[in-house]
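**Q** I have a structure here, written as structure tokens, and I will follow up with some questions on it.
The values are calculated or read from the model by the stated rules, or taken from the named source; none is laboratory data. Quantities reported herein were computed from a predicted structural model and do not represent experimental measurements. Please note: Cβ atoms are built from the backbone with ideal geometry, for glycine as well, and neighbour counts cover all protein chains shown. Protein only, heavy atoms only, side chains kept; ligands, DNA and RNA dropped before computing areas. Shrake-Rupley method; radii C 1.70, N 1.55, O 1.52, S 1.80 Å.
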Protein chains: 2
Amino acid sequence: MSLGHTEVTTTALFDLAESGEDCGIRDVLDRLGDKWSVQVVVELSRGVRRFRELQRALPGGISQRMLTLTVRRLERDGMVSRTVHPTVPPRVDYELTDLGRSLAHLVRTLTDWSLQHHDAILDHRARWDAAQPPE
Amino acid sequence: MSLGHTEVTTTALFDLAESGEDCGIRDVLDRLGDKWSVQVVVELSRGVRRFRELQRALPGGISQRMLTLTVRRLERDGMVSRTVHPTVPPRVDYELTDLGRSLAHLVRTLTDWSLQHHDAILDHRARWDAAQPPE
DNA sequence: CGGAATCCTACGTGATACTG
DNA sequence: CAGTATCACGTAGGATTCCG
């Protein structure tokens, strides 16, 4: 499947405000920034989910391919555990790990911030757009 | 320049864990997730910066085009103020707004979390990669 | 059911050249 | 200096098909 092993993603050195060190924030942002990871983490924070359950639960309609890629990447990073039950038909359960639950808390912080400031952002946008070249 | 007005980015409804409401988290994540915004915010959190200053300060080497796009989007969202001094040669100062400083705090939270868990993530990745089909 | 493999497209990003 | 305009490219993501 090739999830693009680490050499690719570890491009980013990043220099933080007071503590002038780089950190792995790029790895985290790459996951948070993609289209589905956050939604998957949120849904899994509600409990164990099977593959199709997860797919149907996500608003917007994720494709099988993207759901597979997303849970695989989360699993690779240790956020999600994947349990295959050798039954027929097959059954695969996905669940947040401790690390994943920690990430869920972080996501919670993000959503809280978004809720608080989203209106202000949209407001600024509207003003900025209005001030742009009438074209 | 067309920064893709709001219709495009407001695709995401998003359902949060306990509070089953959607919020503007997608707008925020789109900005946090792109390649340069976080670095720009961090650099600006250190003080006012001119265009070239900003460009030279960013590790990795951002192109003029991407720096322009990045600061424009941040300005559009109300995170950054842009001040043009009508001198020759021109001088343009960029500075975080209150909203931008609030975002900087959020970024701080993100980097802290990353610092705490990055090792664990890399660890899991190494293990996952090693466990993969030897191909 | 839970994928993998393949093909295709849109968009984010980079490189380069030009301008006031 | 601080941009804008063009082109060119890689890749995230979607649609479809096939498999155990």
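**Q** Between B and A, buried accessible area summed over both sides at probe 1.4 Å, in Å² to the nearest 100?
**A** Result for this pair: about 5300 Å² buried.
**Q** Could you pull the copy-to-copy label distances for A:His85, with points set 7 Å along Cα to Cβ, in nm to one decimal and sorted shortest first?
**A** Label-point distances to the other copies, shortest first: 6.9 nm.
**Q** In whole Hz, with x marking every Gly and Pro, tabulate ³J(HN,Hα) for segment B:44-51 from phi via Karplus 6.51 cos²θ - 1.76 cosθ + 1.60, θ = phi - 60°.
**A** 5, 5, 8, x, 5, 9, 7, 4
**Q** Follow-up. So, counting K/R as plus one and D/E as minus one, what does the shell of residues with Cβ under 9 Å around A:Asp77 add up to?
**A** Charge balance in the 9 Å sphere: +2.
**Q** Still on this structure, please answer the following. List, shortest first and in nm to one decimal, how far the label point of A:Gln116 (7 Å from Cα along Cα→Cβ) is from its counterparts in the other copies.
**A** Inter-copy label distances (nm, one decimal, shortest first): 1.7.
**Q** Work out the charge dipole of segment B:24-131 with +1 on the Cβ of Lys and Arg and -1 on the Cβ of Asp and Glu about the Cα centre, then indicate which of B:Ala131, B:Val38, B:Ser63 is farthest towards its positive end.
**A** Comparing the listed Cα positions along the dipole, B:Ser63 ranks first.
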